[in-house]
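What follows is a single structure, written as structure tokens, with notes after it.
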Amino acid sequence: MENAESVKEAAASSEAAAAPQIDPPRFVEEARRFRSVPLEWPITYGGQVYDQITIRRMTADEVRQFVDAAANGLKPSLPIFDVPDAVLAALDADDDAEVEKAVNDFLPRSLRAEIEQTSAAGSTTSASQPQD
């Protein structure tokens, strides 16, 4: 009996090894999912100069994780920026307004209304940051 199980395991192992590797799913027009916003007032942080902020669209999984975290009382950051949260918090007000415009264009429709309500109380980028 033990021999039969070993044969089954070996067969399953060789089938898995023979299966072709499939690349993960990718968007056809990946470049359209990103937008860079040049900063009029660049920031230096951690020895690096930030003179632009790149924003990207969220995936369905990221939206679910964001909504779940918010529903559980957490204050999650939007996972769409290529800079640390501290850089977003330190933006000049005019740069923040330009980033906010780009964010509004890239947010999924399911989050836009909620973020716009938060934005009425402050900026979108600041509202997306963890609060102390």
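Note on the stretch 27-127: with charges restricted to the Cβ of Lys and Arg (+1) and Asp and Glu (-1), its dipole about the Cα centre is near 420 debye.
Between Glu30 and Thr44, the modelled labels are 3.3 nm apart [label points 7 Å from Cα along Cα→Cβ]. Length available on full extension from Ala70 to Asp51: 0.36 nm per residue minus the Cα-Cα distance, which gives 3.8 nm. Where the alpha-carbon atoms of the stretch 27-127 are placed on the principal axes, they occupy 36, 34, 23 Å, in descending order.
Database remark: amide H of Gln52 closer than 5 angstrom to the amide H of Leu39 (H placed geometrically; neighbours at sequence offset of 5 or more, or on other chains; Pro and chain starts carry no H).
Packing, as the average of other Cβ atoms within 10 Å across residues, places the peptides 53-60, 21-28 in the order 53-60, 21-28, highest first.
Just so you know, all these numbers are worked out from the coordinates, no wet-lab data involved. All of these numbers come straight from a predicted model, not from anything done at the bench. Counting neighbours? That spans all protein chains shown, and the Cβs are built from the backbone with ideal geometry, glycine included.
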